[in-house]
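Enquirer: Here it is, the structure, as structure tokens.
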Amino acid sequence: MEMILSQSDKRVVKIAMYLLRKKLGESASAEAIHDDMTNCGNLGVRKVSSIITDASEFVKCDWQKRIVSDLSEFGLWVCYKDTAYRDIFFYILDEICKNADEIRKQIKPYVKQPEKWHVNVWKDSVEETRKDQEEGKILPGDVSMAESVHVPGIQRERLQKLLKK
């Protein structure tokens with residue numbers, strides 16, 4: 001159920017992005033925004049954009065890589081280009097930078113290296129399922145033990161069995 005809701009929510013975000021880009025015109029295409037941010041005259045914004053691009057390259061799943069980069073760049077682009085948000089954005093960014101050491105300490109338990117990101121672990125588990133199916137270790141339609149931890153229905157079933165014991 002959670003997976004279905006998650007996928008549904010992702011579709012809503014994709015549709016919203018499509019409608020926003022359509023409303024804003026050609027300058028709001030993913031390519032135009034990426035080019036705008038890559039060649040931004042504000043070096044601080046350009047650096048943030050570069051960090052977004054570099055981090056998204058570590059995502060093994062192509063469609064999630066696009067969602068991360070498109071949403072992040074779109075938000076950055078709106079905050080930088082739209083005068084209604086620009087002053088607020090730079091104030092917030094400055095406050096983040098002023099408190100960078102404190103924030104880094106507070107988020108340390110949550111920071112993972114890219115190979116341990118949920119999306120990458122999941123992508124590797126999907127590949128393991130494919131390999132196990134090809135080798136006949138599991139039937140087509142089944143998932144590997146590694147992938148099963150990413151399937152809410154299977155996890156719910158396992159938890160219910162544990163609770164009954």
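Every number here is computed from the coordinates shown, using simple stated rules; none is lab data. What you see is a predicted model, and the numbers here were worked out from it, not measured in a lab. Cβ: placed from backbone, ideal geometry, glycine included. Neighbour counts: every protein chain shown.
Enquirer: Say we join alpha carbon atoms closer than 10 Å with springs in a Gaussian network model of the chain; which of G41, G136, G153 then has the biggest fluctuation?
Expert: Its mean-square fluctuation being the largest, the pick is G136.
Enquirer: Determine the calculated [θ] at 222 nm for the chain from helices alone, applying -39500 (n - 2.57) to every DSSP H run no shorter than 4 residues and normalising by the residue count; nearest 500 deg cm²/dmol.
Expert: Taken over the chain, the calculation gives -24000 deg cm²/dmol.
Enquirer: Sticking with this structure for a sec: Over 25 Å between Cα atoms: which of K10/K137; K65/K112; K10/K123 fall into that group?
Expert: Numbers: K10/K137 33 Å; K65/K112 17 Å; K10/K123 17 Å.
Those over the limit are K10/K137.
Enquirer: Continuing with this model, one more query. Let me spell out the model: positive unit charges on the Cβ of Lys and Arg, negative unit charges on the Cβ of Asp and Glu, origin at the Cα centre of the range 29-165. What dipole size does that give, in debye rounded to 20?
Expert: 800 debye
Enquirer: Here's a follow-up. Expressed as a rounded percentage, what relative contact order does the chain have, with Cα pairs under 8 Å and six or more residues apart?
Expert: Numbers: 88 pairs, mean separation 30.2, N = 165.
Once normalised by length, the contact order is 18 percent.
Enquirer: K60: which aspartates and glutamates have alpha carbons under 12 Å from its alpha carbon, excluding same-chain residues fewer than 8 sequence positions away?
Expert: K60 reaches E115, D124, E127.
Enquirer: On to the next question. Can you tell me the Rg and Dmax of the range 118-164, counting just the alpha carbons, in angstroms?
Expert: Cα radius of gyration and Dmax of the range 118-164 are 11.7, 35 Å respectively.
Enquirer: Quick one: R46, R158, fewest Cβ neighbours within 10 Å first, how do they rank?
Expert: R158, R46
Enquirer: May I pose another question? Relative to the longest principal Cα axis of the chain, at what angle does helix 2-24 sit, 0 to 90 degrees, rounded to 10?
Expert: 30 degrees
Enquirer: Based on the Cβ-Cβ distance of I154 and E134, what FRET efficiency does E = 1/(1 + (r/R0)^6) give at R0 = 22 Å, to the nearest 0.05?
Expert: My answer for the efficiency is 0.55.
Enquirer: Which of these, I103, I52, I15, has the largest mean-square fluctuation under a Gaussian network model of the chain (Cα springs below 10 Å)?
Expert: I103
Enquirer: Let me ask another. Note the direction-averaged projected area, equal to a quarter of the hull surface, for the Cα convex hull of the range 13-111, in nm².
Expert: 7.3 nm²
Enquirer: Sticking with this one: Comparing Q155, Q106, Q64, which has the greatest mean-square fluctuation in the GNM of the chain with Cα pairs linked when under 10 Å apart?
Expert: Q106
Enquirer: Compute the Rg/Rh shape ratio of the range 50-156: radius of gyration over Kirkwood radius, all on alpha-carbon atoms.
Expert: 1.14
Enquirer: Continuing with this model, one more query. Arranged by the count of other C-beta atoms within 10 angstrom, fewest first, what order do D94, D36 take?
Expert: Ascending Cβ contact count within 10 Å gives the list D94, D36.
Enquirer: What are the residues whose amide H is under 5 Å from the amide H of C40, where those residues sit 5 or more places off or on another chain and H is modelled from the backbone?
Expert: Here the answer is none, since no amide H 5 or more places off falls under 5 Å of that of C40.
Enquirer: If each residue's Cβ is checked for other Cβ atoms within 10 Å, how do C61, C97, C40 rank with the fewest at the top?
Expert: Result, fewest neighbours first: C97, C61, C40.
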